[in-house]
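The structure under discussion appears below in the form of structure tokens.
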Ligand code: SF4
Ligand code: SF4
């Protein structure tokens, strides 16, 4: 029988002990003695959240295909176990072998949201790994960070040995081979890190130096030795010919995503100006229909899941969506497997499909206009018009839906009070569509409209990366303005309003666009007890305010300050594909509320062309054809 | 057709809760590609029921579930197809066909059949004082001789003093002692048909400890009266003057019984 790292007594005393026992269906069991490299993959949040993440599944599968490597997993122990481990000095362990993380060669941490940073420190701390990379010795694992947050890794640069910038499928094997070679040659940690810095896409922060001028701005950011000046984002060129897990792990307890995930494409054509994902995953690349059909069936067979989830940033843009859904509706229907379809743009086709796969009476339709007026939607380049929303909603009402969810952001650049007021006005117009067009006899009760607003956080590698975040007070003012305007609407009773907390968003702003000096704040907040900051019940702003005070870091400098066009941004050393000049151009267009066409309509030369793949190639070919035709005629 | 499957739960999977066990087996059935029956509606679910939930941390050789299938199947074939999908921590022991009920009558649910369960309670190593065999035996005799055994029984909402003596159907230790009381006052007129030797066979998936101290107890279980073996352990400890620590004992369910005056294993 397997030996567990935690005693029965501990497992009996904590919530959901199954989080820590491993050995789930399809988990890979290898003999650690028989491999050269032990890699532990970490999602720094609770197990149920971490187990829902596709990226880790892909890399787990990819690493374990290598005979010389054993990849295992670890998640953040929940506070109940955290306390026990500290008290009893139990080192953090990987769920598969239950061996201490400290014995591993690598600890890879995926960084999906900034509010997990204190959990990163928790994982290091409980593992007995030095928090500061500079203090780590030869016997400690190499700590690597990946995921969307590494597009500005600077606030957490002190805690990591390496950051992997971009999609994991490309250079990890090269890195592992390099590690093996250097270890065989008797090389030291330092030798490996130097070698790693020459692998495209890997950023070794200790090999770079930052200097600031007297106003606190970055004045110089340079490699110390021969490390490359720019780190190039990694992009998979053919998504139908790459690693994908046929046998994803099935947890014993319900994960947040209690289903099989089928990533149909990566990237997005739309270029909404607030959206980091829309920029850092460019260009859009589709997986082939054959690939998806095959994997859908295999994954369902291999897991026994009862639901399959199509994942992408904007599923409606998948060109063969109709064929894919036809296949899935038949195939999955026969197997009594449900299909979940997030991020579909509401139109006749979407409603038809949704009507087939979900219970119209119970489900809702969702719009994310993100801005309350057409002017605002033009500012942010959200190509969604009021007419599209109202028509979509009315079509849905006619088919029996009566619940509508609307998502907006407050505090985006160039937002005026009338744009804030436009939000409840739009919601009211939707309600009117319902009451004016749906006869009483066929109504399924009242229409239920839910408006949610979040507090906009400017992110690196977006056109708004230079913009000032609004203050929490200003956010609250706009929220109250929205609420007051809502109460004046005819159908106010049918509209519910939810808003996000302002504290977490302003902190997120600090962590998203901070530089290396912000690391001290994170460390201090952790020492003050900050942990699971992404969980409202666990978040305590005071710990962070105290940390800011102790470290003397001025939060406003990072959050409320509009950056100059020529300022060196902390993340400028990353070559993410989208160029700084493109982003600046887009910021300008936002100021003038000028819409930019999407990648399928016209290439805006964002800089991602160099990968020669996906929509860039499609659009270039089409544009060349049109040009040739014009020449002929 | 309905099949009743007996399975064991042990090792690390003792820490999987009841609902998760159900979800686990639903996935096993799907991976085994067996023609299971689904409920109607937009989110159909498999028709699968369980006999008696097992507390977290307890191992068992006597878990039972019933699954409805749309086709006639060979129970052995079902077992082997399911076994191919099972992980360490679960073991499938037997599978039998549940007889159809005559038309017009409703079949009794598996859960409502349960009347008693038998456990082995072992002293874990490393938890302080382990009584010697004779002290344990004496305590059992003394306890058994009492008119009543009053313990504090707490549910989610209330705590109340309860006499559990009528619900302890037999208690024994080591191998020789067998306090299967013939005294009707003690047993409430229940007769246990399973022989002692048979009971002790169902230990394949129990944890064994070096100190070797353990006892066996059969208690009322199910929806009407449900006595946890921990309560009996607590009473025994009090008798012996040992401090009771709930973590110091390993519990293993050896059998789950049906029947009122005559107890039979659920797969008999
Ligand atoms: S549609 Fe807009 S918001 Fe959505 S992923 Fe694409 S760019 Fe981002
Ligand atoms: S290069 Fe053109 S087509 Fe390619 S991602 Fe950029 S804007 Fe879109």
Report task. Read through the list (1) modelled with pLDDT under 90; (2) in a helix (DSSP H, G or I), then give the number of the only condition that residue B:233 fails. Result -> (1)
Report summary line: Of those in the range A:296-311 that are surrounded by fewer than 23 Cβ atoms within 10 Å (Cβ to Cβ) and more than 14 Å from chain B (Cβ to nearest Cβ), the residue farthest from ligand 1 (Cβ to nearest atom) is A:296
Report summary line: Exception for residue B:40 within (1) at pLDDT 95 or above; (2) within 12 Å of another protein chain (Cβ to nearest Cβ) falls at (1)
Query - Restricting the range B:140-165 to residues that are over 19 Å from residue B:224 (Cα atoms) and surrounded by fewer than 12 Cβ atoms within 10 Å (Cβ to Cβ), the residue that is modelled with the lowest pLDDT - result: B:145
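Name the single residue that is nearest to the other protein chains (Cβ to nearest Cβ) among those in the range B:54-79 being touching a residue at least 24 places away in the same chain (Cβ under 8 Å) and assigned to a helix (DSSP H, G or I). Quick ask: steps written out before the conclusion?
In the first step, residues of the range B:54-79 are kept if they are touching a residue at least 24 places away in the same chain (Cβ under 8 Å); the result is B:54-73, B:75, B:78-79.
Still in the running and assigned to a helix (DSSP H, G or I): B:75, B:78-79.
Numbers: B:75: 21, B:78: 15, B:79: 17 Å.
Here the answer is B:78.
Taking the criterion of being within 14 Å of chain A (Cβ to nearest Cβ) and part of a strand (DSSP E or B), would at least one residue in the range B:85-108 satisfy it?
The answer is yes; a qualifying residue exists.
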Requested in this report: Kindly indicate which of A:402, A:437, A:491, A:480 is surrounded by fewer than 16 Cβ atoms within 10 Å (Cβ to Cβ) and in contact (Cβ under 8 Å) with a residue 40 or more places away in the chain.
Outcome: A:437
Query raised in the report: Restricting the search to the range A:15-26, which residues are in a loop (DSSP other than H, G, I, E, B) and at the interface with chain B (Cβ under 9 Å from one of its Cβ atoms)?
Result: A:16, A:21, A:22, A:23, A:24
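Looking only at the range A:587-600, how many residues end up being within 16 Å of ligand 1 (Cβ to nearest atom) and in contact (Cβ under 8 Å) with a residue 12 or more places away in the chain? Quick ask: steps written out before the conclusion?
Keep residues of the range A:587-600 that are within 16 Å of ligand 1 (Cβ to nearest atom), which gives A:587, A:589-590, A:595-600.
When the remaining residues are screened for being in contact (Cβ under 8 Å) with a residue 12 or more places away in the chain, the result is A:587, A:589-590, A:595-596, A:598-600.
Here the count works out to 8.
So, in the range B:8-37, exactly how many residues are more than 10 Å from chain A (Cβ to nearest Cβ) and either in a strand (DSSP E or B) or under 18 Å from the mean Cα position of the chain (by Cα) (or both)? Explain how you work it out, then say what you get.
Step one: of the range B:8-37, the residues more than 10 Å from chain A (Cβ to nearest Cβ) are B:8-9, B:18, B:22, B:34-35, B:37.
Applying the additional criterion that residues be either in a strand (DSSP E or B) or under 18 Å from the mean Cα position of the chain (by Cα) (or both) yields B:8-9, B:18, B:22.
Residues meeting the conditions: 4.
Just for the range A:352-371: of the residues that are farther than 19 Å from residue A:309 by Cβ and more than 16 Å from ligand 1 (Cβ to nearest atom), which one is surrounded by the most Cβ atoms within 10 Å (Cβ to Cβ)?
First pass over the range A:352-371, keeping only residues farther than 19 Å from residue A:309 by Cβ: A:352, A:360-361, A:367, A:369-371.
Applying the additional criterion that residues be more than 16 Å from ligand 1 (Cβ to nearest atom) yields A:352, A:360-361.
Details: A:352: 13, A:360: 19, A:361: 12.
Ranking the qualifying residues of the range A:352-371, first place goes to A:360.
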Query raised in the report: Is at least one residue of the range A:592-607 more than 30 Å from residue A:204 (Cβ to Cβ), near ligand 2 (Cβ under 8 Å from one of its atoms) and in a helix (DSSP H, G or I)?
Result: no
Requested in this report: Take the range A:130-151 and flag every residue that is more than 13 Å from residue A:117 (Cβ to Cβ) and in a helix (DSSP H, G or I).
Outcome: A:133, A:134, A:135, A:148, A:151
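Yes/no matrix, rows are residues, columns are (1) within 16 Å of ligand 1 (Cβ to nearest atom); (2) within 14 Å of chain B (Cβ to nearest Cβ):
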residue: A:232; (1), (2): no, no
residue: A:246; (1), (2): no, yes
residue: A:266; (1), (2): yes, no
residue: A:271; (1), (2): yes, no
residue: A:275; (1), (2): yes, no
residue: A:286; (1), (2): yes, no
residue: A:289; (1), (2): no, no
Query - residue A:52 being touching a residue at least 40 places away in the same chain (Cβ under 8 Å) and within 14 Å of chain B (Cβ to nearest Cβ) - result: no
Query - Checklist (1) away from chain B (no Cβ under 14 Å); (2) surrounded by fewer than 18 Cβ atoms within 10 Å (Cβ to Cβ) applied to residue A:43, failing item - result: (2)
Query raised in the report: Taking residue A:389 and the conditions (1) away from ligand 1 (no atom under 14 Å from the Cβ); (2) over 14 Å from residue A:405 (Cα atoms), which numbered condition does it fall short on, given that it satisfies the others?
Result: (2)
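Out of contact with any strand residue (DSSP E or B) (no Cβ under 7 Å at 6 or more places or on another chain), surrounded by 12 or more Cβ atoms within 10 Å (Cβ to Cβ) and either farther than 30 Å from residue A:175 by Cα or more than 14 Å from chain B (Cβ to nearest Cβ) (or both): does that describe residue A:225?
Against the criterion (out of contact with any strand residue (DSSP E or B) (no Cβ under 7 Å at 6 or more places or on another chain), surrounded by 12 or more Cβ atoms within 10 Å (Cβ to Cβ) and either farther than 30 Å from residue A:175 by Cα or more than 14 Å from chain B (Cβ to nearest Cβ) (or both)), residue A:225 does not qualify.
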Requested in this report: Would you mind finding the one in A:33, A:12 that is farther than 21 Å from residue A:250 by Cβ, within 14 Å of another protein chain (Cβ to nearest Cβ) and without any contact (Cβ under 8 Å) to a residue 60 or more places away in the chain?
Outcome: A:12
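The values are calculated or read from the model by the stated rules, or taken from the named source; none is laboratory data. Here the structure is a predicted model, which is why all the values come from computation and not from measurement. Cβ: placed from backbone, ideal geometry, glycine included. Neighbour counts: every protein chain shown.
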